[in-house]
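Take a look at the structure below.
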Amino acid sequence: MSDNKKNYSEKEKVAIFENEFMPHIDSMYNFAYKLTFDEEEAKDLVQDTYLKAFRFITSFEKGTNAKAWLFRILKNSFINDYRKKSKQPAKVDYQEVETYYNSENTDQNLTIDLRSETLQNRIGDEVTNALNSLGVDFRIVIILCDLEGFTYEEMAKILDIPIGTVRSRLHRARNLLKEKLRKYAQTMGYK
């Protein structure tokens, strides 16, 4: 194994976990939610991250940037899960479909004015929708930099890419986001 492993006692491991890792749990959940768009998936991702953090705590150097270390674990877990899921065929819960069609709810009038409901939900959410429509690599750099406040150096470590790639990816992501929002602004009557 690596020479970078630390020999922490069990007491030290618990102290690091509680004092350096746990204060970031809200930021971790927010990041996970912005990646997954699903509360349960985000909770699972955070739980998985903290389990891995404790399991590999000997790789963490006490006193360094715990938040960046945790974000890197979370990002890697998300990317790995994302790749696995994208290779799997879509799954249908046939029990749920059967329950729905056998229920009395199928007779209800389900038609609603989707235009007004959609417009109502989109006002104020357009930035979020535009961000969510970006590819995962672009979405991650904007979240890390503009929402979480990481420096380029920290982002390079979290993403395991050169700092120049961080800068160019962030520049491209911001331009894509700006273009998406420009289209929205034009539809709302802005020039």
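The values are calculated or read from the model by the stated rules, or taken from the named source; none is laboratory data. No experiment lies behind these values; they were computed from the predicted model shown. Cβ: placed from backbone, ideal geometry, glycine included. Neighbour counts: every protein chain shown. For the accessible areas, the whole protein counts, side chains as well, though only heavy atoms, and no ligand, DNA or RNA atoms are used. Shrake-Rupley method; radii C 1.70, N 1.55, O 1.52, S 1.80 Å.
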- Ratio for the range 1-51, C-alpha Rg to 2.2 N^0.38 Å, reads 1.41
- Round to a whole number: what % of the accessible area of the range 121-177 belongs to carbon and sulfur, probe 1.4 Å? 51 percent
- Keeping all protein chains in place, calculate the accessible area per residue for the range 127-191 (probe 1.4 angstrom), answer in Å². 59 Å²
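Give LYS43/LYS180; LYS13/LYS67; LYS43/LYS67; LYS6/LYS75 a once-over and call out the pairs whose C-alpha atoms are over 19 Å from each other.
Details: LYS43/LYS180 29 Å; LYS13/LYS67 16 Å; LYS43/LYS67 17 Å; LYS6/LYS75 23 Å.
Flagged as over cut-off: LYS43/LYS180; LYS6/LYS75.
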- Contact order relative to length of the range 1-63, as percent, for alpha carbon pairs under 8 angstrom and 6 or more apart: 48 percent
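FRET efficiency for ILE79 and GLU12, Cβ-Cβ distance as r, R0 = 30 Å, nearest 0.05?
Numbers: r = 30 Å, r/R0 = 1.01.
E between ILE79 and GLU12, to the nearest 0.05, is 0.50.
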- Query: Whole-Hz Karplus ³J(HN,Hα) for the range 41-51, in order, using 6.51 cos²θ - 1.76 cosθ + 1.60 and θ = phi - 60°, x for Gly and Pro?
  - Reply: 4, 5, 4, 4, 5, 5, 4, 4, 4, 5, 5
- Calculate, for the range 1-75, the solvent-accessible area per residue in square angstrom, rolling a 1.4 angstrom probe over the heavy atoms of the protein chains. 60 Å²
- Reach of LYS178 by Cα under 19 Å, taken over lysines that are not fewer than 8 positions away in the same chain: LYS34, LYS191
- Task: Report, to the nearest whole %, how much of the accessible area of the range 1-70 belongs to carbon and sulfur atoms, 1.4 Å probe, protein only.
- Result: 49 percent
